[in-house]
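Asker: I'd like to ask some things about the structure below.
Coordinate-derived values only; no laboratory data. None of the values given here were measured: they were computed from a predicted structure. Here the Cβ positions follow ideal geometry from the backbone for every residue, glycine too, while neighbour counts run over all protein chains shown.
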Ligand SMILES: Cc1cc2nc3c(=O)[nH]c(=O)nc-3n(C[C@H](O)[C@H](O)[C@H](O)COP(=O)(O)OP(=O)(O)OC[C@H]3O[C@@H](n4cnc5c(N)ncnc54)[C@H](O)[C@@H]3O)c2cc1C
């Protein structure tokens, strides 16, 4: 980006607002403000981690959120699904694409209704409702799940159905519509319900993958450029009409 004279500011944006003339003003934690005609928010999501002992040692190495990111690497292994609510059922069923050995852990929660239990049984998915006491393994590799009953269950990987939250509230503060899944509702090219404001990547609603985030950013960039060209053309035409 240096080659193209794009300045990079490594700073945390705390507030964002829209001025009466339609520009955007963002302010960083030191109180420095930046103004622009258009704004793209690409602040991503934070995956929620359950408060399981030892989880940080394994997260990203053998404990994951997304089967499309990490399912292939653990195919045919012993996979645990962790969920404190019924979202775990769908995740457990979907992981059958990658492995025959799937176990759903509810960590002491009793949310499974009889039709869910029946479906899980049909898929040959075991259900463990006991509380988890600890996660055991070496060098980021999960090996056992230790239950409160002191029973140790062998396990190679775990997928979490624990959801996510927005990294920042900037889009919401600006008045963006947000879905029940806490992602910003966007239209083509990352457009939001706020004119001139674009949200791309994980923060917006679509599949959460790096390549999709990059493609959404590129599409918004092209769209914004065309939009600015259109606005400038209109301005030239209007000025010429006034002068004529
Ligand atoms: C464990 C794990 C494994 C994954 N594996 C894969 C994989 O194999 N393949 C794949 O395609 N995807 C994978 N993903 C998903 C992928 O990482 C995301 O889809 C992608 O990073 C989204 O890009 P993004 O730019 O939207 O958000 P992010 O990458 O989250 O970037 C957002 C950036 O905005 C910054 N930010 C947030 N708030 C502010 C603020 N207020 N001011 C300034 N900066 C701010 C953050 O610090 C961050 O740098 C994985 C994710 C995880 C967590």
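Asker: For residue 90 paired with residue 30, estimate the spin-label separation in nm (one decimal), with each label point 7 Å from Cα along the Cα-to-Cβ line.
Answerer: Distance between the two pseudo-spin positions: 4.4 nm.
Asker: On to the next question. Which log10 I(q)/I(0) values does the stretch 40-99 give at q = 0.13, 0.17 Å⁻¹ under the Debye formula, counting every alpha carbon as one identical point scatterer?
Answerer: -0.40, -0.66
Asker: For 4, 198, 123, what ranking results if the residue with the fewest other Cβ atoms within 10 Å of its Cβ goes first?
Answerer: Details: 4 5, 198 27, 123 15.
By the 10 Å Cβ count, ascending: 4, 123, 198.
Asker: Could you tell me the relative contact order of the chain? Use alpha-carbon pairs under 8 Å, at least six residues apart, and round to a whole percent.
Answerer: On the way: 419 pairs, mean separation 49.3, N = 244.
Computed value for the chain: 20 percent relative contact order.
Asker: Next question. Which of rounded, prolate, oblate describes the stretch 52-157, given a ≥ b ≥ c as roots of the alpha-carbon gyration tensor eigenvalues and a/c under 1.5 marking rounded, otherwise prolate only if a/b is larger than b/c? Don't skip to the end; give the middle numbers.
Answerer: Details: a/c = 1.80, a/b = 1.19, b/c = 1.52.
Oblate is the answer for the stretch 52-157, as a/c is 1.5 or above yet b/c matches or exceeds a/b.
Asker: Could you work out the mean projected area of the convex hull around the alpha carbons of the stretch 178-244, in square nanometres to one decimal? Please list the in-between numbers first.
Answerer: Values: hull surface 19.2 nm².
Directional mean of the projected Cα hull area for the stretch 178-244 stands at 4.8 nm².
Asker: Let me ask something else about it. Which residues in the stretch 1-38 have a backbone N closer than 17 Å to a point placed 7 Å from the Cα of residue 172 along the Cα-to-Cβ line?
Answerer: Inside the label zone: 13-17.
Asker: To the nearest 0.05, how large is the calculated FRET efficiency for residue 194 and residue 218 if R₀ is 22 Å and r is the Cβ-Cβ distance?
Answerer: Details: r = 21 Å, r/R0 = 0.95.
Approximately 0.55, to the nearest 0.05.
Asker: Mind listing the Cα extents of the stretch 124-175 along all three principal axes, in Å, largest one first?
Answerer: 50, 28, 23
Asker: Quote the Stokes-Einstein diffusion coefficient, in whole µm² s⁻¹, for the stretch 78-133, based on the Kirkwood radius over alpha carbon pairs, a temperature of 10 °C and a viscosity of 1.306 mPa s.
Answerer: For the chosen part, D equals 144 µm²/s.
Asker: Additional query: Would you compute, for the Cα atoms of the stretch 14-72, the largest minus smallest coordinate along each principal axis and list the three values in descending order, in whole Å?
Answerer: 49, 26, 14
Asker: Now for a different question. Determine, at each q value in 0.15 (inverse angstroms), the log₁₀ of I(q)/I(0) that the Debye formula gives when each Cα of the stretch 93-244 is one equal point scatterer.
Answerer: Debye curve over Cα of the stretch 93-244, log10 I(q)/I(0) at q = 0.15 Å⁻¹: -0.96.
Asker: If r is the Cβ-Cβ distance from residue 232 to residue 17 and R0 is 30 Å, what FRET efficiency results, to the nearest 0.05? Mind showing how you got there, number by number?
Answerer: Working: r = 24 Å, r/R0 = 0.81.
So, using R0 = 30 Å, E works out to roughly 0.80.
Asker: Now a separate question. Kindly work out what percent of the DSSP beta bridges joining two residues of the chain are antiparallel, to the nearest 5. Intermediate values should be presented prior to the final figure.
Answerer: On the way: 23 of 41 bridges.
Antiparallel bridges make up about 55 percent of those DSSP assigns within the chain.
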